[in-house]
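Heads up: the structure comes next, in structure tokens.
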Amino acid sequence: MPSNPYSGLPTERFWRKVVTNVPPFAVDPRPRDTFAIGRETRVATGGSCFAQRVADALREAGFNYYVTETAPAGTSRQEADARQFGTFSARYGNLYYTRQFTQLFDRAFGTFVPELTAWRREDGRYVDPFRPTIEPAGFASEAEVAAARDEHLAQVRDLFKTLDVFVLTLGLTEGWRWRGDGAALPLAPGVAGGTFDPDLYTCVNAGAGEVLGDLQGFVDRLWSVNPEARLIFTVSPVPMIATYMDRHVMVSNSYSKSVLRVAAGELCDCGDPRLVYFPAYDIVTSNVNAGRYYNEDQRTITDAGVRHVMRSFLATFAQDRAGPAPARAVSDISAEFEGTAGVICDEEQIERSVA
């Protein structure tokens with residue numbers, strides 16, 4: 001008989017054995033006994049800015065990164081990148097908070113048709129309020145916005161019906177909604193189009209119950225059209241760029257990430273093997289790293305941080321492609337800062353709009 005309930009537990013349950021005196025780059029809190037991702041598995045991504053780093057790493061690791069909305073034939077790589085073809089698996093832009101996921105599904109399958117249809121920019125061009133930065137040149141008319149949206153949502157429907165694994169990166173709890181029908185927006189009106197009117201728009205800050213409800217709602221919706229789909233939930237370690245709440249941005253960020261982490265954990269603890277929480281947030285933000293995985297702005301993630309996350313990801317889901325942890329920490333600081341400039345983060349429009 002064990003002398004107490006902790007006697008004989010696996011090594012990973014004890015901080016002293018798996019964190020203390022372990023090199024920071026070798027700490028590996030990955031989940032065990034998860035599903036495997038094969039070389040032909042169609043892996044899709046969606047979510048916040050950090051999801052783009054995950055997508056890039058999936059490509060580099062040889063995964064079948066699944067994209068249904070591709071650039072028109074003859075489009076240059078530079079133009080395709082600027083118009084966000086391939087940034088995510090479909091051209092939905094940043095999905096920062098969880099209500100966007102459920103409403104994206106509902107819009108794609110025709111069960112929710114928002115009252116809000118287009119925003120006009122200061123230059124007279126129009127943008128889609130639900131993905132306002134996907135066309136840098138904007139659209140000439142509201143009709144063009146609607147036509148592009150219909151084509152986009154058709155690709156989203158195809159994506160949800162045919163993907164095998166969906167990696168969702170949760171970013172924020174704060175967001176903006178159209179008061180009329182609760183339509184969730186990635187950016188506040190006036191940042192990248194539209195005009196702010198407090199009688200028409202409201203800022204919301206979701207609690208754990210609402211976030212968990214949104215996540216469960218999205219999972220149920222996805223499984224209704226693709227019951228074999230598997231989902232990997234992560235929380236973005238990238239801090240929020242600004243808060244609308246009347247408090248310090250660090251306090252709002254702590255609240256936001258805590259709520260997302262709790263909700264993702266509760267959802268994935270239900271016992272369904274199709275749902276996995278992957279600790280990208282835990283790896284990057286852990287105190288054992290002493291901030292090593294953040295660039296000088298204390299916000300964007302270094303390549304060293306992304307590499308640590310992906311080593312753990314491969315060891316979790318694709319052991320045939322997993323490599324050993326490096327023998328020493330990365331010492332070339334210039335290498336750690338490579339590759340961050342190409343990430344598209346709609347949130348950064350906020351700072352530009354108030355500069």
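Identify the single condition in (1) buried (at least 17 other Cβ atoms within 10 Å of the Cβ); (2) at pLDDT 95 or above; (3) under 25 Å from Phe313 (Cα atoms) that Ser236 does not satisfy, given that it satisfies every other one.
Only one criterion is unmet by Ser236, namely (2).
Give the number of residues within the range 253-296 that are buried (at least 17 other Cβ atoms within 10 Å of the Cβ) and assigned to a helix (DSSP H, G or I).
18
Free of Cβ contacts under 8 Å to residues at least 40 places away in the same chain, in a helix (DSSP H, G or I), more than 30 Å from Arg261 (Cβ to Cβ) and not β-branched (Val, Ile, Thr): does that describe Gln155?
no
With (1) out of contact with any His (no Cβ under 8 Å at 6 or more places or on another chain); (2) assigned to a helix (DSSP H, G or I); (3) in contact (Cβ under 8 Å) with a residue 40 or more places away in the chain as the list, and Arg299 as the residue in question, which single condition is left unmet?
Condition (2) is where Arg299 drops out.
Looking only at the range 141-152, filter to residues that are in a helix (DSSP H, G or I) and either touching a strand residue (DSSP E or B) at 6+ places or on another chain (Cβ under 8 Å) or among the β-branched types (Val, Ile, Thr) (or both); which one of those is surrounded by the fewest Cβ atoms within 10 Å (Cβ to Cβ)?
The selected residue is Glu142.
Yes or no, residue by residue, for (1) at pLDDT 95 or above; (2) closer than 30 Å to Leu153 by Cα; (3) out of contact with any strand residue (DSSP E or B) (no Cβ under 8 Å at 6 or more places or on another chain):
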position	(1), (2), (3)
Met1	no, no, yes
Glu12	no, no, yes
Thr20	no, no, yes
Pro23	no, no, yes
Arg32	no, no, yes
Ile37	no, yes, no
Ala61	no, yes, yes
Thr87	no, yes, yes
Arg91	yes, yes, yes
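For the range 217-228, how many residues meet the condition of being free of Cβ contacts under 8 Å to residues at least 60 places away in the same chain and buried (at least 20 other Cβ atoms within 10 Å of the Cβ)?
1
Take the residues in the range 40-59 that are at pLDDT 90 or above and either hydroxyl-bearing (Ser, Thr, Tyr) or touching a Gly at 6+ places or on another chain (Cβ under 9 Å) (or both), then tell me which one is farthest from Gln155 (Cα to Cα).
Thr41
Would a scan of the range 39-54 turn up a residue that is in a loop (DSSP other than H, G, I, E, B), surrounded by 20 or more Cβ atoms within 10 Å (Cβ to Cβ) and among the hydrophobic types (A, V, I, L, M, F, W, C)?
Within the range 39-54 (the criterion being in a loop (DSSP other than H, G, I, E, B), surrounded by 20 or more Cβ atoms within 10 Å (Cβ to Cβ) and among the hydrophobic types (A, V, I, L, M, F, W, C)), the answer is yes, since at least one residue qualifies.
For the range 129-140, does any single residue satisfy the condition of being closer than 20 Å to Val235 by Cα and buried (at least 23 other Cβ atoms within 10 Å of the Cβ)?
Scanning the range 129-140 turns up no residue that is closer than 20 Å to Val235 by Cα and buried (at least 23 other Cβ atoms within 10 Å of the Cβ).
Identify the single condition in (1) of a type in the set (A, V, I, L, M); (2) touching a strand residue (DSSP E or B) at 6+ places or on another chain (Cβ under 6 Å); (3) modelled with pLDDT under 90 that Ala335 does not satisfy, given that it satisfies every other one.
Of the numbered conditions (1) of a type in the set (A, V, I, L, M); (2) touching a strand residue (DSSP E or B) at 6+ places or on another chain (Cβ under 6 Å); (3) modelled with pLDDT under 90, the odd one out for Ala335 is (2).
Quickly run through the range 55-88 and pick out the residues that are buried (at least 19 other Cβ atoms within 10 Å of the Cβ) and polar (S, T, N, Q).
Thr68, Gln84, Thr87
Taking the conditions exactly as written (under 22 Å from the mean Cα position of the chain (by Cα) and of a type in the set (Gly, Ala, Ser)), does Gly86 satisfy them or not?
yes
Taking Phe196 and the conditions (1) under 25 Å from Thr45 (Cβ atoms); (2) out of contact with any strand residue (DSSP E or B) (no Cβ under 7 Å at 6 or more places or on another chain), which numbered condition does it fall short on, given that it satisfies the others?
Result: Phe196 fails condition (1) only.
Looking at Arg91, Arg99, which is the one that is among the basic types (Lys, Arg), outside any loop (DSSP other than H, G, I, E, B) and surrounded by 15 or more Cβ atoms within 10 Å (Cβ to Cβ)?
Arg99
Only residues that are touching a residue at least 12 places away in the same chain (Cβ under 8 Å), part of a loop (DSSP other than H, G, I, E, B) and either touching a Phe, Trp or Tyr at 6+ places or on another chain (Cβ under 6 Å) or among the polar types (S, T, N, Q) (or both): list them for the range 102-119, please.
Leu116, Thr117, Ala118
Mind checking which residues of the range 176-224 are touching a Ser or Thr at 6+ places or on another chain (Cβ under 9 Å) and in a strand (DSSP E or B)?
Listed by number, the residues that qualify are Trp176, Arg177, Trp178, Ala184, Val204, Asn205.
Among the residues that make up the range 229-250, is at least one of them more than 15 Å from the chain's Cα centre (by Cα), over 17 Å from Arg99 (Cβ atoms), in a helix (DSSP H, G or I) and in contact (Cβ under 8 Å) with a residue 24 or more places away in the chain?
no
The values are calculated or read from the model by the stated rules, or taken from the named source; none is laboratory data. Predicted model, so just to flag it, every value in this text is computed and none were measured. Note that each Cβ is placed from the backbone with ideal geometry, even for glycine, and that neighbours are counted across all protein chains shown.
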